[in-house]
Amino acid sequence: MSEPLVLGIESTCDETGVALVRGRELLVDVTASSMDEHARFGGIVPEVASRAHLEAFGPTLDAALDRAGVALGDVDAVAVAAGPGLVGSLTVGAAAAKALALALDRPLYGVNHVVGHVAVDELVHGPFPDRFVGLVVSGGHSSLLRVGDIATDVTELGQTLDDAAGEAFDKVGRLLGLPYPGGPHVDRLAQQGDPGAIPFPRGLSSGRDKDRYAYDFSFSGLKTAVARYVESCQDRGLDVPAADVAASFSEAVNDVLTRKALAACTANDCETLVIGGGFSANSRLRELAAQRAAEHGITVRIPPIRYCTDNGAMIAALGSAVARAALPPSTLDITVDSGMPLTQVLAA
Ligand code: KG4
Ligand code: ZN
């Protein structure tokens, strides 16, 4: 018998995603984004995002079914991101998923969005090895995970204690007068600068912090150091060397991310590192990860960027893995959880 057809629904932040996955095969993935509505505010406005999900969900679902040539009645299970994320946005997706599961009389899987960022890689690069390390980096998360079975065995090794990597890039983008979201702009500018020009700090990477927070990240001190550097140039009437600032800042972030991710691989006897989340578009992260992984004999798997930013395929992929593991479905009265722990793959 073929594996169940899983409908995946994503609505944790500003993307409304709907996808269909059978086993590890992606049939369709449709995303609507409300980013344009937030750009003028310089950040995501939760109320605007929730309303946009409500408006986008129906058309996105219809488009996905239409493109896959699938009728709603053919869906065997409904997976939805139950957290972490913005409560209002999560609620819209969860309400839609519950209504569909109830109307179709199919199982509901309320799954973890961050774990989904890792799970999606199976759709691209095939089954996971027995164990691996996952690095999830985006505007909202910077987490290191140790994964045995993606559905049943996920351990959180560490996470950011303050800003996420993408968030730090967005803040530095603002300091340098770049448009929101600043991440991709800082990345492009960094490619023209000298990464060794300014010795910005590497958070939680030396002394006692290095042992105590081996797999945690902190980027707020770095962001403050960049702000001080920019101010000191301005105070002295000097031009800010923006490309060198961007390159040195980017190097500090990516040096720490890759160093800790590879240390986690070595310490946990893992030969594979899977990287996901919108920040994995960063050119220096990709370069450094590839270079350092090769030095350690570790394989790096990064899905194409459209599956790294928030999407429905990641939720359908994790729902499919959970169904494969034959876990009992979530109940229809699950609540969404803005702070859903990474060890909880499935809401009970
Ligand atoms: O996963 P994502 O689309 O949304 C969530 O945060 O969940 O990630 C977007 C984040 C933003 O902070 C954006 O500025 C950052 O990832 N980003 C980048 C790059 N592309 C996107 N940061 C640095 N370099 C990039 N090339
Ligand atoms: Zn995300």
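The values are calculated or read from the model by the stated rules, or taken from the named source; none is laboratory data. Because the structure is a prediction, the values reported are computed rather than measured. So basically every Cβ, Gly included, is an ideal-geometry build from the backbone, and we count neighbours across all protein chains shown. To get the accessible areas, we keep the full protein, side chains included, count just its heavy atoms, and leave off ligands, DNA and RNA. Shrake-Rupley method; radii C 1.70, N 1.55, O 1.52, S 1.80 Å.
Remark: Leu288 falls outside the filter, which requires a residue to be farther than 30 Å from Ile198 by Cα, assigned to a helix (DSSP H, G or I) and open to solvent by less than 10 Å² (accessible area, probe 1.4 Å).
Taking the conditions (1) over 20 Å from the mean Cα position of the chain (by Cα); (2) surrounded by 15 or more Cβ atoms within 10 Å (Cβ to Cβ); (3) within 16 Å of ligand 1 (Cβ to nearest atom) in turn, Leu135 satisfies each one other than (1).
Out of Asp29, Asp66, one residue alone is open to solvent by 20 Å² or more (accessible area, probe 1.4 Å), at pLDDT 95 or above and within 15 Å of ligand 2 (Cβ to nearest atom). It is Asp29. Taking the conditions exactly as written (polar (S, T, N, Q), assigned by TED's automatic domain parsing to the domain that holds Ser220 and away from ligand 2 (no atom under 15 Å from the Cβ)), does Thr152 satisfy them or not? Judged against the criteria, Thr152 is a match.
Restricted to the stretch 296-344, and to residues there that are of a type in the set (Val, Ile, Thr) and away from ligand 2 (no atom under 16 Å from the Cβ), the residue that is nearest to Ser142 (Cα to Cα) is Thr343. Quick one: which residue in Val245, Val253, Val226, Val274 is open to solvent by less than 40 Å² (accessible area, probe 1.4 Å) and within 16 Å of ligand 2 (Cβ to nearest atom)? On inspection, the qualifying residue turns out to be Val274. Just one of (1) within 16 Å of ligand 2 (Cβ to nearest atom); (2) free of Cβ contacts under 8 Å to residues at least 60 places away in the same chain fails for Ala99. It is (1).
Take the residues in the stretch 1-26 that are more than 20 Å from the chain's Cα centre (by Cα) and acidic (Asp, Glu); name whichever of them is farthest from ligand 2 (Cβ to nearest atom). Per the stated criteria, the residue is Glu3. Among the residues making up the stretch 172-200, those that are among the charged types (D, E, K, R) and open to solvent by 60 Å² or more (accessible area, probe 1.4 Å) are Arg174, Arg188, Asp194.
Among residues of the stretch 77-101 being more than 14 Å from Glu15 (Cβ to Cβ) and of a type in the set (Val, Ile, Thr), the one that is nearest to ligand 1 (Cβ to nearest atom) is Val87.
Results for (1) of a type in the set (Ser, Thr, Tyr); (2) away from ligand 1 (no atom under 14 Å from the Cβ); (3) not assigned by TED's automatic domain parsing to the domain that holds Gly158, shown as yes or no for each residue.
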| position | (1), (2), (3) |
| --- | --- |
| Phe219 | no, no, no |
| Ser232 | yes, yes, no |
| Pro241 | no, yes, no |
| Ala261 | no, yes, no |
| Val274 | no, yes, no |
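Checked against the criterion of being closer than 29 Å to Pro328 by Cα, in a strand (DSSP E or B) and within 16 Å of ligand 2 (Cβ to nearest atom), the stretch 157-170 has at least one qualifying residue. Number of residues in the stretch 211-243 that are touching a Ser or Thr at 6+ places or on another chain (Cβ under 8 Å) and more than 19 Å from Ala190 (Cβ to Cβ): the value is 2.
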